[in-house]
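The values are calculated or read from the model by the stated rules, or taken from the named source; none is laboratory data. In this text, all values refer to a predicted model and were calculated from it rather than measured experimentally. Note: ideal-geometry Cβ built from the backbone for every residue, glycine included; neighbour counts use all protein chains shown. We work out accessible area using only protein heavy atoms, side chains counted, and drop any ligands, DNA or RNA first. Shrake-Rupley method; radii C 1.70, N 1.55, O 1.52, S 1.80 Å.
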Amino acid sequence: MMISEQMNSALNKQVANELNTSFAYLAMAFELDDMGLKIFGERFVQQSDEEREHAMKITGYLQDVGGKVVLSGVDTPRSEYGSARSMVEAALESEKTVTRQINDLVSLAESEKDYATRSFLQWYVDEQVEEVSSMSELLQMVEMAGESNLFLVENRLAKMMKQEQGKE
Ligand code: FEO
């Protein structure tokens, strides 16, 4: 195995963190859909899928370096946020938490002189800048629109998602 036992277990922990985030976003997606915010809900399904991809990228790395993937239980996500704003606030907090988790992994890799893992983690460092920024923007949009005008956010998200599809 090309990584330490400690790194192997820290990366498995991050797989669980990413899967928990994926599940939490999925719960938000269903609640948004129930509130009649279909596009908003779709956005969170997309976010949920991305988190799963983040988890899978780590499992792929563990396999590449001869580590062992150990999956652990996924927590029951919170539901009944009651408003889009409190959901997006929670999502932003969650992204900030993930950023700290990634930074801790980077510190561990550096302290172990594990430069392969350090290099692998750079993608996550950059991705977290993106994720915190896009969630902050979404929160700003929700705050500007107010709970009664969330259809404006729906329209904006619909346009953004269409543009993103065009780029793929
Ligand atoms: Fe995988 Fe949104 O952090």
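Here are the numbers:
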{"item": "Under 25 Å, Cα to Cα: Lys pairs in the range 5-167, sequence gap 8 or more or different chains", "result": "13"}
{"item": "Charge sum, other residues only, whose C-beta stays under 13 Å from E53's C-beta, Lys/Arg counted +1 and Asp/Glu -1", "result": "-4"}
{"item": "Distance in nm between pseudo-label sites at N155 and A90 (7 Å out along the Cβ direction from Cα)", "result": "2.9 nm"}
{"item": "Under the span-like rule (Cα at least 30 Å along the axis, Kyte-Doolittle mean at least -0.5), DSSP H helices of the chain", "result": "5-34, 84-111, 115-145"}
{"item": "Within the chain: Cβ-based charge dipole about Cα centre, in debye rounded to nearest 20 (Lys, Arg +1; Asp, Glu -1)", "result": "160 debye"}
{"item": "Rounded percent of accessible protein surface that carbon and sulfur make up, the chain, 1.4 Å probe", "result": "51 percent"}
{"item": "12 Å beta-carbon shell around T97, net charge (K/R +1, D/E -1)", "result": "-3"}
{"item": "D34 versus S9: modelled label distance in nm, points set 7 Å from Cα along the beta carbon direction", "result": "3.8 nm"}
{"item": "Accessible area of the range 5-167 divided out per residue, in Å², using a probe of 1.4 angstrom", "result": "54 Å²"}
{"item": "Total formal charge among the other residues, if their Cβ is under 15 angstrom from that of V106, Lys/Arg +1 and Asp/Glu -1", "result": "-2"}
{"item": "Inter-probe distance in nm under a simple model that places probes 7 Å from Cα toward Cβ, at K167 and V125", "result": "2.2 nm"}
